[in-house]
Ligand SMILES: [Fe+2]
């Protein structure tokens, strides 16, 4: 008996991987999926994802600045700074993931690629060459300050818009670790003697 209703879209069974596939995007950057069960309106999620992407780009830049510093540091404090920079790098990796997944949770699209990050970040571009440790540390502190400033603005705005999840994440998972890392860096730039305490005549409190 002849078969009827044979599908015209059947595929050939084969072990050949289907490589080199291309298709148009399923969602454009800068948009959010319109309906999500989050009880947050689309305009709120649009504004929050836009702001979070700025914070993400700056955090990715700070993360990479730490790895650059970890590799290129020189001098008598090499060992200590080499380890500290990598510890902070690993913590920034975690923050990057938190930010990106918050953006996706809100229905947006997280920035991911280096070229897009470079076009978006507010942190000034570092030179390719090596810099001395105090300059590395100063550069890192300035980058933290960019992140910290934006965290405070974004947390307040998220709270005003009723996006408590973003407010909580920005304060707890981004702002506080950045404040702590900033403290660890700034203490390295305090001028205190290593062996001989300075004479009272050269001391200046405050
Ligand atoms: Fe390393």
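The values are calculated or read from the model by the stated rules, or taken from the named source; none is laboratory data. Quick caveat: nothing in here was measured; it's all calculated off a predicted structure. Counting neighbours? That spans all protein chains shown, and the Cβs are built from the backbone with ideal geometry, glycine included.
Summary table
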{"quantity": "Unmet criterion (only one of (1) more than 16 Å from the ligand (Cβ to nearest atom); (2) part of a loop (DSSP other than H, G, I, E, B); (3) at pLDDT 95 or above; (4) surrounded by fewer than 18 Cβ atoms within 10 Å (Cβ to Cβ)) for residue 74", "calculated": "(1)"}
{"quantity": "Test: residue in segment 120-140 that is under 20 Å from residue 188 (Cβ atoms) and within 16 Å of the ligand (Cβ to nearest atom)", "calculated": "yes"}
{"quantity": "Segment 168-203, residues that are modelled with pLDDT under 95, loosely packed, with under 11 Cβ neighbours inside 10 Å and outside any helix (DSSP H, G or I)", "calculated": "191, 192, 193, 194, 195, 196, 197, 199, 203"}
{"quantity": "Failed item, numbered, when residue 143 is tested on (1) over 30 Å from residue 36 (Cα atoms); (2) more than 16 Å from the ligand (Cβ to nearest atom); (3) surrounded by fewer than 20 Cβ atoms within 10 Å (Cβ to Cβ); (4) in contact (Cβ under 8 Å) with a residue 40 or more places away in the chain", "calculated": "(3)"}
{"quantity": "Qualifying residue in segment 19-37 (condition: within 26 Å of residue 128 (Cβ to Cβ) and over 14 Å from the mean Cα position of the chain (by Cα))", "calculated": "no"}
{"quantity": "Residue that is modelled with pLDDT of 95 or more, within 16 Å of the ligand (Cβ to nearest atom), under 25 Å from residue 168 (Cβ atoms) and assigned to a helix (DSSP H, G or I), where the choices are 90, 94, 101, 47", "calculated": "90"}
{"quantity": "Qualifying residue in segment 138-152 (condition: over 22 Å from residue 124 (Cα atoms) and part of a helix (DSSP H, G or I))", "calculated": "no"}
